[in-house]
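Input: a single structure, listed below in structure tokens.
The values are calculated or read from the model by the stated rules, or taken from the named source; none is laboratory data. Just so it is clear, the model here is predicted, and its values are computed rather than measured. Backbone-built Cβ (ideal geometry, glycine too); neighbour counts: all protein chains shown. Ligands, DNA and RNA are excluded from the accessible area calculation, which covers all protein heavy atoms including side chains. Shrake-Rupley method; radii C 1.70, N 1.55, O 1.52, S 1.80 Å.
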Amino acid sequence: MQKNIVKVLFFIIISFSLFNCADPPKSIGLGLLDSDLINVVKINSKDDSLYQTSSYYKKQVQLGTAERLLLGKKHNVEASLLLQFNFNLPDSIKEDLLNNNLNVISANIEMSQNYLFGDSLAAFDFTTHKINSDWSINFDADSLPFLDYDIEDVAAGKLINDSVTSFNISNQLIQSWLLAAADENIPRDKGIYLKPTGETDKVRGYQALTITFSNLPVIRVGIEKPGVYTDTLTFNINVDVGVVKGDIPVISDENILVQGGLVINSRLFFDISKIPRTAVINNAELVLTIDSTESVLGPDAIQLLQAVYLLDSTNTDSLSVLVSTLSSSEGKLQSNITSFVYRWFTDANHGLILRVFEQLNTLELFSIRGSSAIDPSVKPYLEITYTNIK
Amino acid sequence: MKIVPVILILVLLVFENQNFAQNSSAYTRFGLGDIEYSFSARRAGMGQLGISVADGDFINTLNPAGWYKLNRTRIEFSMYYNGLYLSDNNSKGYLGEAEFSGFAVAFPISYQYGISAAAGIVPFTNVSYLVEQENQLDGNSYTTTYEGAGGLTKAFVGTSYRLPFDLVIGASFDYYFGNLYYRAGIDFPATNSLSAKYENKQSPQGFGGTFGFVGPDMSGIFNSQTITDFRLGGSASYFSKMDFDTVFTSSTATLVDTLFIGKTQIEIPPRIIAGISTIFSNQYLISFDYSFQNWQNYKVGGLNRHNLRDANKISAGFEYRPLRELGSTFWEQIIWRAGLSFEKTQYIVNNEGVNQVSFAGGLSLPISFENTLDIGVQYSIKGTTASNLLKENSIRLNFGISFGETWFIRPEN
């Protein structure tokens, strides 16, 4: 019996050690902790006069890695594109070409549209030119003046709608390209250059060569071996690149600009030195006001901007991987940038860069009320919540 | 030795760390926290002091001289469960927590000369509070939490020696160490805002010494065969200037930022305990004790601290120990205890001193020969709701294991 009593008592002791029962913690004793009290404080750039600056700049970009090919003209931008196809021929076709037994009887290029910048009813046309000089995916607007191409427009029979743009291209030109693909001694073709005509007032976007390999530009070539067969060969794009050129539009002195394609970015800086050194940042919200009178947004516009953490205020290309997306609602762009402000507070404050979401694939122009706006209620607004010792 | 109790004790030690609730109140924010007079379940059942009491089967951690009667190697562990009912003028609540409260080991070296050696690790102070407050800012609710944890621990090693005329002295070399955590944090449960935490970690460490005596048996003055072992006893604990490191940090979920690092020293005032005890009819022990420590002179960096005053404690204890006879049943071997104490704690807040009254009882159950399971129950009332203070009604259940073995014992020549 002694052993049983002892065992029961040991069980009770173990139970006490494992199970605590308690009411939820309460505020009893708070008055004794004066030396430890902390509180939450909220400040904002408007009411607490946080110093801020904003500016914008044009940045030369290469659109070779863009997911979209842009063609057209609208507002301050002109978009053109370069295409080169991959003529991967079967040996039998090569042999016939080399023996002059094969003729090109038709050639049609088709591009799938997935973007529109401008009014859908606005004018749109383009010309197509044979390129004579070398180019690569690093081609950009600065390279354009040095591009050598034929004056002659080699496109005909254009069919353009909001889904597809297709046009026929010179059979002789394609014949020469196929021969070059079959004969190693003949230099390869350098592709074609498409540029908008003067009366064009919108920009269309087409699927570019990406890892998806779907809806890419194709060329369909009708061939004939006289008396033997006719066939249609389809060739995919080998290299493509878009080029966007233009100038920064004239806008109000109170505004800053963000535009895709061209590219125009803005820089924003808030002085948060008012926050005590012992504080901990809990939350930060950034709100920007869009000036709709100066903004140019297409029907396919994704009204999103990105805020990117800037690593060095002297180099606007020194961008962190820390990115926050500002979403649009009722004329405002808003984002939580707690991680930005946290790093500004604990590290160094170089501000942030504003850029268009998917800036290589769109031409949207956002005019945003800047730090020099006279009306403080439309200036860039930053609200910070932090905890500090009382 | 039974292996099952040992295993169970080890289980307790493992699971102890999972219990990190609250077992005291915001009073422990001041000074070094609550003073832990004794880790033992035995002493808890007798009012916690018993400075002049020497047992052959108990390790007295307050007075090294009390080890002189040990006749076996003893190993003692202890833990407690504290149920605390807190109240102030506005609200009340219940909290409960279990804690491991230390161990000690002692070896008799020479019974003739009263030489025993003992060592152990026992709690010296305790900081434990958890306060939570719900707040709102512009419609967003958040929770502010204040938490205190940790305490000072004493590791000791010492010995006793019986001088001529039955005067026993003892001394121990003490090392004090520990961490005191004072935390404040804010959480936003309903939003994706980052939480914020501040932690003030203080790490005192230093040395000290405890010197004690148990006087000769003066029961002869009563000229009574009923009264035996009437003794005076006392101890004095001294503390060197202790190193006191402070690290103050702020943190979120991902980053810790050190805001302040400081090094200074603290001065803990000495503690004096004196008492008398006597035994009636060889079975009934009564003890009276008084403890004093002038916490008013506690200093950090040479400066006195607010909210501290001198601490005084008086206690009375009673123990019934049945005579050991062959054939005694389990129930006839149980040792019973009772005690009460009144303490003017070291806390003074809002010009109001915080006092504590305690009532205790306990028993020792024989597990096997020379091994006991000790249980102590202590009910305490501390503080007041006047002057915006707190009142604590606590009940502490103490459990201890005492093993007696013949290890390392050499026959006396």
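Here are the numbers for this structure:
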| read-out | value |
| --- | --- |
| Cβ-derived FRET efficiency at R0 51 Å, A:LYS274 paired with A:ASP134, nearest 0.05 | 0.35 |
| Distance in nm between pseudo-label sites at B:GLN225 and A:ASP247 (7 Å out along the Cβ direction from Cα) | 12.7 |
| Hz values of 3J(HN,Hα) by residue in the range A:174-183 - Karplus curve (6.51, -1.76, 1.60), Gly and Pro given as x | 5, 4, 5, 5, 5, 5, 5, 6, 8, 10 |
| Of A:LYS158/A:LYS332; A:LYS130/A:LYS245; B:LYS154/B:LYS391; A:LYS58/A:LYS158, those spanning more than 30 Å from alpha-carbon to alpha-carbon | A:LYS158/A:LYS332; A:LYS58/A:LYS158 |
| GNM top mover of A:PHE345, A:PHE87, A:PHE213 - chain A, alpha-carbon springs below 10 Å | A:PHE213 |
| Inter-probe distance in nm under a simple model that places probes 7 Å from Cα toward Cβ, at A:THR232 and A:LYS332 | 5.4 |
| With all protein chains modelled, accessible area of A:THR232 [1.4 Å, Å²] | 80 |
| Label point at B:LYS241 placed 7 Å out along Cα→Cβ; residues across the range B:263-288 whose backbone nitrogen lies under 17 Å | B:263-270 |
| Within straight-line cross-link reach of A:LYS225, lysines at Cα separation under 17 Å, skipping those fewer than 8 residues along the same chain | A:LYS94 |
| Proximal aspartates and glutamates relative to B:LYS263, as straight alpha-carbon distance under 14 Å, when same-chain residues fewer than 8 apart are discounted | B:ASP243, B:ASP245 |
| Estimated vicinal HN-Hα couplings, Hz - the range A:327-344 in sequence order (Karplus 6.51, -1.76, 1.60; Gly, Pro = x) | 9, 9, 7, 6, x, 10, 10, 9, 7, 8, 10, 4, 5, 5, 5, 4, 6, 4 |
| Between 0 and 90°, nearest 10: helix B:3-16 axis offset from chain B longest Cα axis | 20 |
| Net charge of Cβ neighbours under 13 Å - reference A:GLU254; Lys, Arg +1; Asp, Glu -1 | -2 |
| In sequence order, calculated HN-Hα J values of the range A:291-306 (Karplus, 6.51, -1.76, 1.60; Hz; x Gly/Pro) | 8, 5, 6, 10, 7, 10, 10, x, x, 9, 5, 9, 7, 10, 10, 10 |
| Qualifying GluC sites (Glu not before Pro) for the range B:297-389 [loop in DSSP, other Cβ within 10 Å: at most 12] | B:GLU325 |
| Extension reserve of the A:ASP148-A:VAL321 stretch, reckoned as 0.36 nm per residue once the Cα distance is removed | 58.4 nm |
| With DNA, RNA and ligands ignored, accessible area of A:ASP36 (1.4 Å probe; Å², nearest 10) | 20 |
| Calculated FRET efficiency for the pair B:ASN355/B:TYR85, C-beta based, R₀ 22 Å, to 0.05 | 0.80 |
| Equivalent ellipsoid, the protein assembly as shown (semi-axes from 5 times Cα gyration tensor eigenvalues, Å) | 89, 31, 21 |
| Shielding by partners, peptide B:130-137 (average Cβ within 10 angstrom, other chains) | 5 |
| Rg [Å, one decimal], Dmax [Å, integer] - the range A:275-390, C-alpha atoms | 15.2, 52 |
| Contour excess over end-to-end distance, with Cα ends at A:THR346 and A:ASN44 and 0.36 nm allotted per residue | 106.9 nm |
| 11 Å beta-carbon shell around A:SER320, net charge (K/R +1, D/E -1) | -1 |
| Charge context of A:LYS130, other residues only, Cβ under 15 angstrom, K/R +1, D/E -1 | -3 |
| Fully extended contour minus Cα-Cα distance, from B:ILE272 to B:ASN135, at 0.36 nm per residue | 44.7 nm |
| Cα gyration tensor category, rounded, prolate or oblate, for the range B:274-313 with a/c compared to 1.5 | prolate |
| FRET efficiency, 1/(1 + (r/R0)^6) with R0 51 Å, evaluated for A:ALA156 and A:SER377 via beta carbons | 0.35 |
